[in-house]
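Asker: Before we start, here is the structure in question, set down as structure tokens.
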Amino acid sequence: MDTHHRGRRLTIKRVSPVVVLTARSWTMVEDAEGGDTERLEMCLHKSRHGEDILEYAKSFMIKEPYYTLTEEGEATIRIDHPSDLISLSDALAGKTFSSTAAAEKFATACKSDGNAELKNNDLAAAHERYTDGLTVARQDIVSKSNPDLARDIARNRAYVNLLLNHFDEAISDAKASLIGRDDQKSKDLDSKAYYRAGSAAYGLGKYDDAKAYFEAQLKLSPNDKDASTCLKRIEVRMRELQTGSYNWKKLRAGLSRARPHVDAASFVSNIKVEDSAGRGRGMFVTRDIPAREVVMCDKAFSVVWGHDKEALTAMTYDVRDDRIRVQPVGLSKATVQKLLGNSSQIARVMDLFGDYEGDGQNIFHNEDGPIVDTFRIHDIVSRNGFGLGNQYGEEGARNASTGLCTWAAYINHSCIANTTKDFVGDLMVLRASRALNAGEEVFISYDESSDYEARQAALKTTWGFECNCPLCAAEKVDDASVRKKRAELATQAEEFVSSEHWANAKRLKIASAQRLATAIDATYDDERYKDIPRLAARPIQEWLTKASAKR
């Protein structure tokens, strides 16, 4: 009990319906020989291609099975990492072919079935049938006499992978389908393959590769409008990537609840990641950057919007430090799913900070496919996830919009941040709040509360550290009664700002705001807070600046 059987594999078959719950699914299984029956439980990351993994097939292979007890004390084989469960094809189980014709007939039937499932928009089933067909079509018994069958199936699966956002396999399938002959039919099919490879490379942000694929397509089909359009889009992405020049108006105009993602590249030419004394790694600017200029733009790696059905924020208990934390569970699940479909991106995400470091081997792919440690993803998302703000309608504590930005994740905290962040869809835009000198470290504020105790508690609970920036050092010395009074006045100021719009402010309201700002300012010691921002006064001061300018 409570044993990971390292280096072992267990082949099982499902013998009961799957019970699907919010955080887990379970079923009864027996070993391949039909012996003992046990409970099998899949925790949290239990979907694949939009379907419950346990319903995806009837036979499975479990890598390094873990035998434990459920919360109810029931013995179970528990799977936490979907990489540890390999679905075995029901159609291929025990299948052998006595002749080339029989094997070819089977592969062709799989292709036809896959086409039918694709027509019905059942992408999971289409992928499964194409995969079965490819498995047979690539065997010598078929490929030596009919190599084009495997190419046809691979080309079709490349399209399904595009629809599933499984870009790595889409590229490999498209390339595997290339014929290379000079007849027009072969050119047309290869043109289609290059388009699919280019679209997948574009989806991965590999714009140089995408450009090469679309250019190869145009050589075969010079009049193809889709390829020409894609090359123009790539020109825009390359300009964004290299110069940070974005058409903000166009990007914002293209956003909606139905289309919340921006078509844009990350701009990181101004920054580099290096060691930061006492903070692990940090982000530093590589040139002088004037105030209000863009420092960096980071297209989020994974996003869950508040209106998505996958959105879920939950309270989790961490046995390691006996703390209860808010966890963006939906974002963790989305990140795992994206990595399972795009193993080339695993190292990029696993490089981010997380308390749990796994076995330290950093092996992310083997002959069985991608390896995604969901425990590491949990910690990485907990430490590095960002709130995207309420951009597309109402959201609450349980369905906040969250994203993982893999460049911004390297930025360290300071309550006196030198940059401000904003989101345009799923693109984080970081601007200098003051002039930055080349080599200076970039800081953002992880928690912008003006209350010292609340801010320190949030930083300790969520990110595991105590802030000792100049502002916190000054506030720490303040008497508790002073901080309490400041907090009360700050609350009054926030209520005032939310209820009184600056555009319609009368003289009496402006005078009230001025008195409130003066009262907040009086809670700060002038000498100790010299050259230090006074956070509690910031909202009312900003309101006054706008209201005074309007008059």
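Asker: Can you confirm whether PRO533 is modelled with pLDDT under 95, crowded, with 17+ Cβ neighbours inside 10 Å and not aliphatic (A, V, I, L, M)? Working first, answer last.
Answerer: Numbers: modelled with pLDDT under 95: yes; crowded, with 17+ Cβ neighbours inside 10 Å: no; not aliphatic (A, V, I, L, M): yes.
No; evaluated as a whole, the condition is false for this residue.
Asker: For segment 296-332, give me each residue that is free of Cβ contacts under 8 Å to residues at least 60 places away in the same chain and among the basic types (Lys, Arg).
Answerer: Across segment 296-332, the qualifying residues are LYS309, ARG320.
Asker: Could I ask something else about it? Would you please name the residue that is surrounded by the fewest Cβ atoms within 10 Å (Cβ to Cβ), looking only at residues in segment 109-140 that are among the small types (Gly, Ala, Ser) and over 22 Å from GLY50 (Cβ atoms)? Outline the logic, then answer.
Answerer: Filtering segment 109-140 for residues among the small types (Gly, Ala, Ser) gives 109, 112, 114, 116, 124-126, 133, 137.
Right, trim to over 22 Å from GLY50 (Cβ atoms) and you get 109, 112, 137.
Values: ALA109: 15, SER112: 12, ALA137: 27.
Filtering first and then ranking leaves SER112.
Asker: Out of SER449, SER433, I need the residue that is under 30 Å from PRO260 (Cβ atoms), among the small types (Gly, Ala, Ser) and touching a helix residue (DSSP H, G or I) at 6+ places or on another chain (Cβ under 9 Å). Which one? Give the derivation first.
Answerer: Numbers: SER433 fails: touching a helix residue (DSSP H, G or I) at 6+ places or on another chain (Cβ under 9 Å).
On inspection, the qualifying residue turns out to be SER449.
Asker: Within 17 Å of PHE301 (Cα to Cα), at pLDDT 90 or above and more than 18 Å from the chain's Cα centre (by Cα): which single residue out of LEU430, LEU352, LEU436 fits that description? Write out each step before concluding.
Answerer: On the way: LEU352 fails: more than 18 Å from the chain's Cα centre (by Cα); LEU436 fails: within 17 Å of PHE301 (Cα to Cα).
Sole residue among the options that is within 17 Å of PHE301 (Cα to Cα), at pLDDT 90 or above and more than 18 Å from the chain's Cα centre (by Cα): LEU430.
Asker: Exactly one condition in (1) farther than 19 Å from SER332 by Cβ; (2) crowded, with 20+ Cβ neighbours inside 10 Å is not met by GLU448; state its number.
Answerer: The single condition GLU448 does not satisfy is (2).
Asker: State the number of residues belonging to segment 147-195 that are touching a residue at least 12 places away in the same chain (Cβ under 8 Å) and outside any helix (DSSP H, G or I).
Answerer: 6
Asker: While we're on this one: Just to verify a result, which residue in segment 97-108, among those that are surrounded by fewer than 17 Cβ atoms within 10 Å (Cβ to Cβ), of a type in the set (Ser, Thr, Tyr) and touching a helix residue (DSSP H, G or I) at 6+ places or on another chain (Cβ under 9 Å), is farthest from GLY133 (Cα to Cα)?
Answerer: Filtering segment 97-108 for residues that are surrounded by fewer than 17 Cβ atoms within 10 Å (Cβ to Cβ), of a type in the set (Ser, Thr, Tyr) and touching a helix residue (DSSP H, G or I) at 6+ places or on another chain (Cβ under 9 Å), the one farthest from GLY133 (Cα to Cα) comes out as SER99.
Asker: Being outside any helix (DSSP H, G or I) and touching a Phe, Trp or Tyr at 6+ places or on another chain (Cβ under 7 Å) is the filter; apply it to segment 196-251 and report the residue that is surrounded by the fewest Cβ atoms within 10 Å (Cβ to Cβ). If you could, list the steps in order and put the result at the bottom.
Answerer: We begin by selecting, within segment 196-251, every residue outside any helix (DSSP H, G or I); these are 204-206, 221-224, 244-247.
Of the ones still in play, those that are also touching a Phe, Trp or Tyr at 6+ places or on another chain (Cβ under 7 Å) are 204, 244.
Details: LEU204: 17, GLY244: 19.
Checked segment 196-251; the qualifying residue surrounded by the fewest Cβ atoms within 10 Å (Cβ to Cβ) is LEU204.
Asker: Okay, next question. Name every residue in segment 358-397 that is among the acidic types (Asp, Glu), closer than 25 Å to GLY254 by Cα and touching a Ser or Thr at 6+ places or on another chain (Cβ under 9 Å), in order of residue number. I'd like the intermediate steps shown before the answer.
Answerer: The initial filter retains those residues of segment 358-397 that are among the acidic types (Asp, Glu), namely 359, 367-368, 373, 379, 394-395.
Among the residues that remain, those that are also closer than 25 Å to GLY254 by Cα are: 394-395.
Within segment 358-397, just GLU395 meets the criteria.
Asker: Then there is this: So which residues in segment 116-127 are free of Cβ contacts under 8 Å to residues at least 60 places away in the same chain and under 11 Å from ARG157 (Cβ atoms), if there are any at all? Steps first, answer last, please.
Answerer: The first filter runs over segment 116-127 and keeps only residues free of Cβ contacts under 8 Å to residues at least 60 places away in the same chain, leaving 116-122, 125-126.
Within segment 116-127, LEU118, ALA126 meet the criteria.
Asker: A follow-up question, please. Going by the conditions given, is THR11 closer than 18 Å to GLY369 by Cα, modelled with pLDDT of 90 or more and assigned to a strand (DSSP E or B)?
Answerer: On the way: closer than 18 Å to GLY369 by Cα: yes; modelled with pLDDT of 90 or more: yes; assigned to a strand (DSSP E or B): yes.
Yes, satisfied.
Asker: Of all residues in segment 18-43, count the ones that are surrounded by fewer than 19 Cβ atoms within 10 Å (Cβ to Cβ), of a type in the set (A, V, I, L, M, F, W, C) and under 24 Å from VAL372 (Cα atoms).
Answerer: Of the residues in segment 18-43, 5 are surrounded by fewer than 19 Cβ atoms within 10 Å (Cβ to Cβ), of a type in the set (A, V, I, L, M, F, W, C) and under 24 Å from VAL372 (Cα atoms).
The values are calculated or read from the model by the stated rules, or taken from the named source; none is laboratory data. Since the structure is predicted, the reported quantities are computational estimates derived from the model, not experimental observations. Please note: Cβ atoms are built from the backbone with ideal geometry, for glycine as well, and neighbour counts cover all protein chains shown.
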